[in-house]
Structures are given as C-alpha cells and as structure tokens.
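*Asks:* Structure in structure tokens, see below.
What follows is calculated from the coordinates using simple rules that are stated; it is not laboratory data. It should be emphasised that the depicted structure is a prediction, and the values quoted were computed from it without experimental measurement. Don't worry about glycine lacking a Cβ; one is built from the backbone with ideal geometry, like all the others, and counts go over all protein chains shown.
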Amino acid sequence: MRSIIPATLAAASLAACASAPSMTTSEAFVFPEGLKVMEGGYPYVGGPCRLLGETFATSELLDDSADLLGCPRNAMQDPRVSAAGRVVGEYEGVVLVSVPRRPAP
C-alpha cells in the first residue's frame, strides 16, 4: 500500500505540471504597485497584458468606451498585442494601451 501512494502522488504531480502553462518572460514580469491589475491574459488566454483598473497613474487614461491594458514593453513585439489598440502612455516599464470595446450585439 505504501508504494501506491507515492506513485499516485508522482503521477498527479506530473499531470499537473504537464497541464500547467510554461513560465514565460511575460508571466515573470511584475507589475508595479501603482497599477491596479484587474484581470490577466490579453489578447489571448495567458497573454502578457493585463486589464487595469483606476489608480492615480491611470485615471486620466480611462475611458467608458475602451479598456486600458498594461503590457510589458517586450510584449509589444507580438503583433496580436500591438494591433489590439493604441499606446496611450507608459508607467514604470509598463506600456499602457487603450483598446476600444466592441458594442454589444
């Protein structure tokens, strides 16, 4: 019975590691405390950009018709990110991107 438990745990650990996304440079990026990270993974699941909420640093950039994203500078090389919206500023190494919201159907 003892040999089954470690084998089961090892198999479960291996399965968890296989299904977990690999660590990329953007995931290791730490957003500065002056930004309020609301959600992650833009423009695709696990993507490098994060939806930002209102803080002193972002209040002038927020708009009811657009989302404000924070992207690590190196993420702007990805065409899926650079085409998402327009760059409206930068804050402590984070590129701030305004992305128009699509109207509800």
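*Asks:* If each of Tyr44 and Val87 carries a label point 7 Å out from its Cα toward its Cβ, how far apart are those two points in nm?
*Replies:* Rounded to a tenth, the inter-label distance reads 2.2 nm.
*Asks:* Further question: Lys and Arg at +1, Asp and Glu at -1: add these up for the other residues within a Cβ distance under 14 Å of Val88 and post the number.
*Replies:* -3
*Asks:* Let me ask something else about it. Within 13 Å, Cβ to Cβ, of Met38, how many net charges do the neighbouring residues add up to if Lys/Arg are +1 and Asp/Glu are -1?
*Replies:* That works out to -1.
*Asks:* Short version: ³J(HN,Hα) in whole Hz for each residue of the stretch 34-39, in order, from phi by Karplus 6.51 cos²θ - 1.76 cosθ + 1.60 (θ = phi - 60°), x for Gly and Pro, what are they?
*Replies:* x, 10, 9, 7, 9, 8
*Asks:* Give me the net charge of Pro100's neighbourhood, meaning all other residues with Cβ under 10 Å from the Cβ of Pro100; Lys, Arg count +1, Asp, Glu -1. Mind showing how you got there, number by number?
*Replies:* Working: positive: Arg86, Arg101, Arg102; negative: Asp63, Asp67.
With Lys, Arg at +1 and Asp, Glu at -1, the net is +1.
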